[in-house]
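The values are calculated or read from the model by the stated rules, or taken from the named source; none is laboratory data. All of these numbers come straight from a predicted model, not from anything done at the bench. So basically every Cβ, Gly included, is an ideal-geometry build from the backbone, and we count neighbours across all protein chains shown. With ligands, DNA and RNA removed, areas are computed over all heavy atoms of the protein, side chains included. Shrake-Rupley method; radii C 1.70, N 1.55, O 1.52, S 1.80 Å.
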Amino acid sequence: MQVVPKAGSSRRFILSMSMACLSLCGLLVLADEPANEGPARPVSWTERVVAPDAREFWAFQPLHAATPKPVKNAAQVRTAIDGLVAEKLEAKGLTFNPPADKIQLLRRAYFDLVGLPPPPEAVAEFVNDGSPDAWRLLIDRLLDSPQYGERWARHWLDISRFAESHGFEHDTDRPSAYFFRDFVIQALNQDLPFDTFVKWQLAGDEFEPDNKLALMATGFLAAGVHSTQITKNEVEKHRYDEMDDMLSTVGSSMLGLSIGCARCHDHKYDPIPQRDYYRLLSTFTTTVRSEVELDLDPDGYQRAKAAFDAEHEPFAAALKKFEAEQLPARFDAWEKNGASDRAKYPWIVLDPNSLKSEGGATFKKLPDGSILAGGPNAKFDKYTFVVNTKLTAITGIRLEALADPSLVKGGPGRADNGNFDLTDFQVTIAPAINPASGGREPAGASAVKLSLKSPRATFEQPNLPIAAAIDDNDKSGWAIDPQFGKDHVAAFEFETPAGFEGGSILTFTLVFKGNDKHNFGRTRLALSTIKQPVELTAPGLPQQITEILDKPPENRTAEERTAAVSWYATMDDDWKKLNQASAAHLAKAPRPTLAKAMISSEGLAPVRLNTQGADFLEQTHFLRRGDPNLKDAVAVQGFLQVLTPAGTDAKRWQASPPAGWRTSYRRRALAEWMTDVDSGAGALLARVIVNRLWQHHFGRGIVATPNDFGTRGATPTHPELLDWLAGELIRHGWKLKDMHRLIMTSAVYMQSSRFDEANSKNDRENSLLWRKSPVRLEAEVIRDSLLAASGMLDKTMLGPGTLDESTRRRSIYFTVKRSKLVPMMLAFDAPDALSSLGERSTTTVAPQALILLNNANTRNYAKSFGKRIAPDATTDLSQAIRSGYVIAVARQPTEEELADGTAFVTAQAASYQSAGKADARELALADFCQVLLCLNEFVYVE
């Protein structure tokens, strides 16, 4: 049947049909309409309310308390987990398999918790330990191992779509993104409560802005793909795409819900209307990728600094004693002898009252009137110094770039080689008092640019002269390569003398846009009022000191005398020697180990690439059909209705940021709602993470679709067990290590993987858990096991990764470049890092075998493995064969395997010897070891 609307009524017809369909689907509720009161106002899609019965779906309900019922085979029950599983088994006439043997348990524990094969000494220790606590103590030891965090971090990185490049066709690198990976490793090793783990990834900068780990955690939001080529008319679309990536990943990873499916229309299957999507999306309105400098070892720095300060004390004490006992008298003699004659000091050193850096640098004023830059060293920067002066008839200006022990190679620039590149230097002047105000108001914006001429410098780098600093060309500048570690001076004359009778405001602008980070490190400004040119290196008096020296000594205040003596010290030879010794020692002071980390935050400079236009939008709108060109109202933050009790106001979780704080606290509100068990999403959050733990211990979750707990996902095989585990997680303070212990000490986990045909007829998929299903190792664990068996594994933790496939570090430290993924990782089903991945596929394809047979790195592992087991004067070949089996598969070979292995090595050695190979025995052992590395038993847990 075809329904045809009347002419002119198509839009009204479609709207009414759409709303009717949505109502039938249970996704929204229309307001009750009193009878005979005229037509009701249609409910806008931005106001849709989910149906009350939508909350009755199992995943959206509060956690249910579960108590195991008595079972027939009570002797098999070790924990409450076993009781809840045995109940379903007995209903099908099934029981648990017998317990696994010690070797099987040992390999399970090592691969599950640290992702490495058990070393021979651990095998011997566990097999020979007959105490009842041996299994529990083994689990505790492995949970305390730093390798635990590396193993389990990889699972979370899959879910987080973590990568170290932006994706798309240019796939620009993100060299500071690895800090998020390091956060996950460290947080898991510290057993950071999972609710805090989640909160920090959403809003660590809002919860603990001074905590290094909390800041690193926000890299979670920044890990997704992001176009680096955005034209002005694409900005809105890409920004909404970027926020959608954040929200979709939050939904999949933390709640197991495909929230992103509600971007263009109400979710087709789950009760998530577009209204909820855009209100949630507004959380990230002003969130951008940024970089901050982090101290990688603050404790180590404090220890080193304390030791250094003790060493420096004699230098500081000698200087302090000289300044107290000798310097004042020397100043008096200097002044009495007429050395302060103004004619001897043609330059007046300025004391700026405002110092600003566009790139975020900090400035410190030194006693000699110079200014030392510190803090962030931006790629390009602009310094703005403002000075008040009473000088008139100013004829010239001197600009100094001064060496300093604190700078790289002594400076005077902040570049890696000590250079700088001053591309523009400008001076403006304004009267200190607005003449029109009768002396009552400041001048305001009446500044004029002063014309500079006759540029001179003590040294100029070829093709980068001082004249280039005043040529109005940002591509040219003044530099001093190779004269690093030395003072350099430049001077300019004014076209006409400058200065207002009532005082002047001078603004100096220094621009550095030539080479990256080629900014001034230490500088000083001075003026002259005498006829130019003045000698470049002639001494100068600070402006404040000239005013002090103009007064008779008896009329000076104590503060003025102190200031004059302090300045005089910079000319006293003995003081300079003491000060230089102190400074030279200070130059050796330990420095914090700083590195830039990519984070997500607000109010910080965004990481910009090739974007035209803004980096974020001021507001998030409801978008019809997800189209930025079809904006509706502004979206105000809210949360998923189906996970929130009806009538609960979002303000329950929202808070205002402290006065002057740079972020909105919207992400903090989301995190509070996310972890609220009673009124927010906390119950579902707990279900999702315990399901992931179960999945990685058993090969399949209680819910087989770990990223989809919605109506189209799998239903839980053991819903009572899922809720009980979630409740235990919360009762144990959200500690994941406690959950590992709980799961791994259960009979369900400790049973064997033996296959039983009769049992399989009742439960072919083993969904009722009558045995422990065999699981193949993941790509990273296979490669790490190859390294461990070979003895080549480098256990260095954290820090930048690499794309070098021959690296000996664990595979989690491979740089994840989206357009250049490591071939071995891909062959064994590692993710592409484009979106959240809750479960890896397990394929069996020819390239996997070829990698283990023909790959050059695998062959090197085999050779190293062979050298590791090679017999010496006290052992024979059979012992080498036994050692090989213990290292590779944690067991002794059978008699048949021992005989076959011995015969194989002997035959291979003879073959190599007949071919004239000098290292025949070594090559034969390498062949044998490669056979071991190719065993199914090596790449499967059991």
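Quick notes on this structure:
- Relative contact order for the range 506-661: 7 percent, from Cα pairs under 8 Å spaced at least 6 residues apart, divided by residue count.
- Length-normalised contact order of the range 37-188 in % [C-alpha pairs under 8 Å, at least 6 apart]: 14
- Rg in Å to one decimal, and Dmax rounded to a whole Å, for the range 62-144 via C-alpha atoms: 16.1, 47
- Note on the range 723-800: Rg/Rh from Cα positions, Kirkwood definition for Rh, rounded to two decimals, is 1.11.
- For the range 111-233, the Kirkwood estimate of the hydrodynamic radius, built from every pair of different alpha carbons, is 16.7 Å.
- Entries of LYS365/LYS486; LYS453/LYS517; LYS409/LYS475 with Cα pairs more than 21 Å apart: LYS453/LYS517; LYS409/LYS475
- Distance in nm between pseudo-label sites at ASN936 and THR842 (7 Å out along the Cβ direction from Cα): 1.2
- Projected-area average for the range 192-319 over all orientations - Cα convex hull basis, square nanometres: 12.6
- Note on the range 260-305: Kirkwood radius taken over Cα pairs, Stokes-Einstein applied at 25 °C and 0.890 mPa s, translational D equal to 172 µm² s⁻¹.
- Projected area averaged over orientations for the range 783-836, convex hull of C-alpha atoms, nm²: 4.1
- Portion, in percent, of the accessible area of the range 787-942 that falls on carbon or sulfur, probe 1.4 Å: 54
- Separation in nanometres of the label points that stand 7 Å from Cα toward Cβ, at ALA714 and THR894: 3.3
- Heavy-atom accessible surface of the range 55-121: percent carbon and sulfur, 1.4 Å: 56
- Averaging over all projection directions, the Cα-based convex hull of the range 607-752 occupies 13.8 nm² in the image plane.
- Dividing the Cα radius of gyration of the range 177-263 by its Kirkwood radius returns 1.03 for Rg/Rh.
- The charge dipole of the range 682-812, taken about the Cα centre with unit charges on the Cβ atoms of Lys, Arg (+1) and Asp, Glu (-1), comes to about 200 debye, rounded to the nearest 20.
- Intensity falloff of the chain expressed as log10 I(q)/I(0), Debye formula with alpha-carbon point scatterers, at q = 0.05, 0.09, 0.10 Å⁻¹: -0.46, -1.07, -1.18
- Radius ratio Rg over Rh of the range 302-371, counting only Cα atoms, Kirkwood formula for Rh: 1.12
- For the range 767-914: accessible area per residue (Å², 1.4 Å): 45
- Percent RCO, i.e. relative contact order, over the range 698-836, from Cα pairs under 8 Å lying at least 6 residues apart: 16
- Under 16 Å of direct C-alpha separation, and excluding same-chain neighbours fewer than eight residues apart, LYS212 reaches these aspartates and glutamates: ASP182, GLU291, GLU293, ASP295, ASP297, ASP299.
- Rounded to 10°, Cα long-axis angle of helix 856-869 versus longest principal axis of the chain: 70
- Set LYS379/LYS817; LYS321/LYS364; LYS390/LYS551; LYS344/LYS390 screened for pairs whose C-alpha atoms are more than 18 Å apart: LYS379/LYS817; LYS321/LYS364; LYS344/LYS390
- About its Cα centre, the chain has a charge dipole of approximately 940 debye under the convention of +1 per Lys or Arg Cβ and -1 per Asp or Glu Cβ, with nothing else charged.
- Solvent-accessible surface of protein heavy atoms, probed at 1.4 angstrom with all chains present, puts GLU236, GLU169 in the order GLU169, GLU236, largest first.
- Whole-percent carbon and sulfur share, accessible surface of the range 281-321, 1.4 Å: 56
- Only Cα sites of the range 812-904 enter the Debye sum here, all with the same form factor; the resulting log10 I(q)/I(0) across q = 0.19 1/Å is -0.99, listed in q order.
- Note on GLU311: accessible area approximately 110 square angstrom, rounded to 10, probe 1.4 Å, nucleic acids and ligands left out.
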